[in-house]
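Asker: Quick one: structure below, then a few questions.
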Amino acid sequence: MKSTLQTRSLWLCLAAGLAGWTHVSVGQTVLTKPIRGGGLDTNAPMIHVDIFYDYAANQMQATLDTSQGIPKLLPLPPGYAFDPAMSYSVLSNKAYNFQYAWNPGGIFTNPAGAALWIECVSASPELETYDGPGNKTIDPPRTYAPIFGTAGSSTKWAWYGKMAHNSYAVLNPSNSVVSAQYHIYFGDAQTGSRDNYTSYGDAAMTLTWTVDPVIVVKTARGGGLDTNAPMIHVDVFYDYAANQMQATLDTSKGMPKLLPLPAGYVFDPLMNYAVLNGKAYNYQYAWNPAGIFTNPAGASLWIECVSASPGLETYDGPGNKTIDPPRTYAPIFGTAGSSTRWAWYGKMAHNSYAILNPTNTLVSAQYHLYFGDATTGARDAFMEYGDATMTLAWAIDLPLPPLFHFGAIQSATDSSVSFLNADGCVTNSLAVVNCRYADSGACAGQFEGPLRLRAAPATAANGGPATNAAALGSCLALEFVALSGPADATFGFWEAGQSSPCFTLCPGQPPGSNRVLLSQNEGAAQADPYGLVEGRRVSVNRAGLYCLAFRVVDTSTNGIGGGPIHSPSPTYHVFLQAGLNVNSLVRQGSTATAVFGGEPGKSFYLERASALGSGISWQRVAGPLTGTSRLQSLTDPNASAAPAFFRLRATTP
């Protein structure tokens, strides 16, 4: 079985490389089931609380497995949702996790008339708990009923003596750590009262979770958090004397920009404008009456979207403050399968425009304004009236490549230099630097990606002094130590504008002294160690996952005895992902999970077939999943059929 799976993995990489790029709508919501690690994390381990009653010692034992660390509550990413018809939909829009399991630590029997009860004696105010999923052997399945005080339920819960995974969730987390304290004891099987069982020992247990806090905000006209952006009117008027539909765009305010919320901010998932969560958005444009006119009898003034940039979404809201009832943020102009026609209601109407995974710095939409049947929008009976066209455009800032920050633990002599934002960039964070195939240029035929390196400034002249900047007079450099990756691969480092790399590395090559300067002070005494050289890039000649090892060194001679001021950093490791590639395929029971490096601006799908060759039908088994510059996974929940071959497909957006 092992050799078969390895062979299939090779086919996966080949099939993925041949899959190509196609377009799909990003307005689609993918229904998924809850996953043990929260979000879409299928790799999170179980964490047992082993329960056992030692009658010889008259002792209740509850032992927490701490070897797996603290679990994290994770929300579903944008574009995913739980089926509202399913019992687990109580987790919708929440960060959740069910790694913890109450588990038998041995065989024991409850006293006559008693059950083993677990009582939540205190918990973080935002924490919710639900009785599910239990485990695969539970019949009937657990109901995801609220427990432990959630939604007014009892704080006492009768454990059923088998491995029991409960789901823990937070709607809008405001703290990075939440916890709950439990009392475990024998009590009356019906009431949970301990009065008749106080001679038996009890136990206490504390469970803890981490979570990324969010700040809940309302939408802002300029997108993101921009409340100062001006309105931009499309003034609409019908001149009956000239039989002319007029639509005039105010260009004095410039072009609006679609902006996402910054990290850590979210729209309340219970509000209708939550359709904008995870997207760059804006509602500066407004269809506005430029004067008083009346629609012809039986007609409405319709606006039809005749074409738009792929991925652009539009929602009927917020309207304006005088609209009663408020607009619903329903999808319009073809978004999510809606009609491309929209009946304007004759008042200032701000619609919201959004995009989930932008791939271009400019998007636009073209509209047709006309009188049409008030019910159907058909223009047939109103052809004698003039019409108009309008084009709206928006700018977008595409996601920047990661920026590696370097400095020192302290500015003191002999303190070590450091990769300051290593926690979010090294391999433990699962971050990847994406390298795309180059069709032209010096790297043609290879995969290339930017490598943005910054030494923190120590003086105001360069925007400092920054926390953890290296000492004045130090001169930081990045020293490349080793590379692992596909066999026969070659890695190159390129300065901006170079026609050949400064140096190359191969997997398994002995450590060398390949260095690139970070500081731009030429090692002068008392000079600011700041540096930021744009345009640097790396290349590899084989698709796949690479691990690049480097350390930071001080190359100055301004320290004691003419040596460096700072000692070298430890060695750091970062992932590079070249092209579309399945990095691993793991089968566990009836599931198969593919791991890959996700690229922003692309959506990923896992597909399965029963054979290989021309004319084979591939079935989508997971996805779409938005790329996040991280190692990500897609899981086929029903991979028990044999033979089974898999491929990874990416689309833009």
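The values are calculated or read from the model by the stated rules, or taken from the named source; none is laboratory data. Quick caveat: nothing in here was measured; it's all calculated off a predicted structure. Glycine also receives a Cβ, built like all others from the backbone with ideal geometry; neighbour counts cover every protein chain displayed. Accessible surface is based on the protein model in full, side chains and every heavy atom, while ligands, DNA and RNA are left aside. Shrake-Rupley method; radii C 1.70, N 1.55, O 1.52, S 1.80 Å.
Asker: Using a Cα-Cα cut-off of under 27 Å, which lysines could be cross-linked to LYS257, ignoring same-chain neighbours fewer than 8 residues away?
Answerer: LYS218, LYS279, LYS321, LYS347, LYS602
Asker: Under the definition of Cα pairs under 8 Å and six or more residues apart, what whole-number percent is the relative contact order of region 168-318?
Answerer: Working: 216 pairs, mean separation 32.2, N = 151.
Relative contact order here is 21 percent.
Asker: Could you give me the radius of gyration and the Dmax of region 437-523, taking only the C-alpha atoms into account and expressing both in angstrom?
Answerer: When restricted to the Cα atoms of region 437-523, Rg and Dmax are 16.1, 47 Å.
Asker: Next question. Any idea of the accessible area per residue across the chain, 1.4 Å probe, to the nearest Å²? Don't skip to the end; give the middle numbers.
Answerer: Details: 29170 Å² over 653 residues.
Accessible area per residue, the chain: 45 Å².
Asker: What order, most packed first, do the peptides 591-600, 373-382 have when packing is the mean number of other Cβ atoms within 10 Å of each residue?
Answerer: On the way: 591-600: 22.9, 373-382: 13.9.
Order by mean packing, descending: 591-600, 373-382.
Asker: For region 65-204, with all protein chains present and a 1.4 Å probe, just round the carbon and sulfur fraction of the accessible area to a whole percent.
Answerer: On the way: 3350 of 6330 Å².
After summing per-atom areas, the C and S share lands at 53 percent.
Asker: Give the peptides 408-420, 502-514 in descending order of average Cβ contacts within 10 Å, highest first. Provide the component values of the computation, followed by the final result.
Answerer: Working: 408-420: 18.2, 502-514: 13.4.
Output ranking for 408-420, 502-514: 408-420, 502-514.
Asker: Could you work out what % of the accessible surface of region 591-653 is carbon and sulfur, using a 1.4 angstrom probe and leaving DNA, RNA and ligands out of the count? Please list the in-between numbers first.
Answerer: On the way: 1070 of 2180 Å².
It is 49 percent, rounded to a whole number.
Asker: For the chain, what does the relative contact order come out to in percent, with C-alpha contacts under 8 Å and a separation of six or more? Don't skip to the answer; put the middle values down first.
Answerer: On the way: 1697 pairs, mean separation 72.2, N = 653.
RCO, the chain: 11 percent.
Asker: Distance between the C-alpha centers of region 393-446 and region 175-240? Whole Å please.
Answerer: 33 Å
Asker: Can you pull the percent of region 387-528's accessible area that's carbon plus sulfur, 1.4 Å probe, other chains left in place?
Answerer: Numbers: 3250 of 6530 Å².
Exposed carbon and sulfur together represent 50 percent of the surface.
Asker: What's the ranking of 619-629, 471-481, 423-433 by average number of surrounding C-beta atoms within 10 Å, highest first? Write down the numbers at each step before the final one.
Answerer: Values: 619-629: 19.9, 471-481: 22.5, 423-433: 16.9.
Descending packing order for the listed peptides: 471-481, 619-629, 423-433.
Asker: Give me log10 I(q)/I(0) at q = 0.05 Å⁻¹ for the chain, Debye formula, one equal scatterer per alpha-carbon, no solvent.
Answerer: Taken in order of the listed q values, log10 I(q)/I(0) reads -0.32.
Asker: Give me the tail of P(r) for region 275-368 as a percent: Cα-Cα pairs with distance above 20 Å.
Answerer: Details: 1631 of 4371 pairs.
When every Cα pair of region 275-368 is considered, 37 percent fall beyond 20 Å.
Asker: I need to check one value: relative contact order of region 492-603, counting alpha carbon pairs closer than 8 Å and at least 6 residues apart, in percent.
Answerer: Numbers: 150 pairs, mean separation 21.5, N = 112.
Relative CO of region 492-603 lands at 19 percent.
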